[in-house]
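Heads up: the structure comes next, in structure tokens.
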Amino acid sequence: MQMKVMRVIAVFMAVMCGIASANLLTNPGFETGDTSSWDAGGWYIGSGGDAQSGSYGLAYYVPPSTGGDSWFVAYQLAPVTEGLTYDASCWMRYAGTANNSEQFLEIQWLNGLGEIMWGNGVGSTPVSGPQEYTFYELDDLVAPAGAVQASVRAVVHTTGVTTDNAWHTFDNFSFQQAIPEPSTMALIGIAVGVLGLTRRRK
Ligand SMILES: [Ca+2]
């Protein structure tokens, strides 16, 4: 009997880990060679150095004399369940010259009406000057009550009128349900062990 229970648990844990590691995004690295599955008007697909890996990356060009406090966003929606925990990440690179522009990874939540639940979102540290591809992550994001989708967003923002040329590129986005903490997994294991012992006594 205990062997059977242990086997059930092993399968359960394998399924949990499988679910946890699945990226909920489609075309996360733009290797289709286009922005399919993303809403990315005004953005383009770059190659060469615009890719962190593979052949392509997502890019936005900010020319000189772009107005201050302008926002350029590419996003994809992913299904979520309120109360569950998610992890998001991507790679970001800033090419060209420091240009009064910055880029960051942002997560916003949408309710059942498809409206952004402003005030609940979170953004990564902004990249505000030239740098090579660097990994950014937002961990342990809990979907708020009423959320049914997450908007996973590449954001470019001008902090003032731009003076030069900048290219903001993104690649390899990930948005997934968080892997349960080891302590949670241990508690499940103990619960199952107790269940097995109890059954055996009967
Ligand atoms: Ca890529």
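The values are calculated or read from the model by the stated rules, or taken from the named source; none is laboratory data. Note that the structure is a prediction, hence the values are computed from the model and not measured. Note that we place each Cβ from the backbone using ideal geometry, even for glycine, and neighbour counts take in every protein chain shown. We work out accessible area using only protein heavy atoms, side chains counted, and drop any ligands, DNA or RNA first. Shrake-Rupley method; radii C 1.70, N 1.55, O 1.52, S 1.80 Å.
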Note to self: So the check is Cβ under 6 Å with 6+ separation or different chains; which pairs have a first residue in segment 51-64 that's among the polar types (S, T, N, Q) and a second one that's outside any loop (DSSP other than H, G, I, E, B) and open to solvent by less than 30 Å² (accessible area, probe 1.4 Å)?
What the structure shows: Q52/D171
Check: Within segment 17-100, which strands (runs of 3 or more DSSP E) (wholly inside it) include 3 or more residues that are buried (at least 21 other Cβ atoms within 10 Å of the Cβ) and touching a helix residue (DSSP H, G or I) at 6+ places or on another chain (Cβ under 9 Å)?
Finding: 56-62
Checklist line | Filter result (of a type outside the set (S, T, N, Q) and open to solvent by 10 Å² or more (accessible area, probe 1.4 Å)) within segment 154-163 | finding: H157, G160, V161
Item checked: Unmet requirement for Y94, which otherwise passes all of (1) within 12 Å of the chain's Cα centre (by Cα); (2) over 20 Å from A178 (Cβ atoms); (3) not charged (D, E, K, R) -> (1)
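Table: residues versus (1) modelled with pLDDT under 95; (2) outside any strand (DSSP E or B); (3) surrounded by fewer than 14 Cβ atoms within 10 Å (Cβ to Cβ).
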residue	(1), (2), (3)
Q108	no, no, no
G114	no, yes, yes
Y136	no, no, no
P144	no, yes, no
V152	no, no, no
Check: Of all residues in segment 116-134, how many are within 16 Å of the chain's Cα centre (by Cα) and assigned to a loop (DSSP other than H, G, I, E, B)?
Finding: 5
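If I ask for residues that are farther than 22 Å from A166 by Cβ and either away from the ligand (no atom under 16 Å from the Cβ) or free of Cβ contacts under 8 Å to residues at least 40 places away in the same chain (or both), which ones from segment 65-94 would you list?
Residues satisfying the conditions are L77, A78, P79, V80, T81, E82, G83, L84, T85, Y86, D87, A88.
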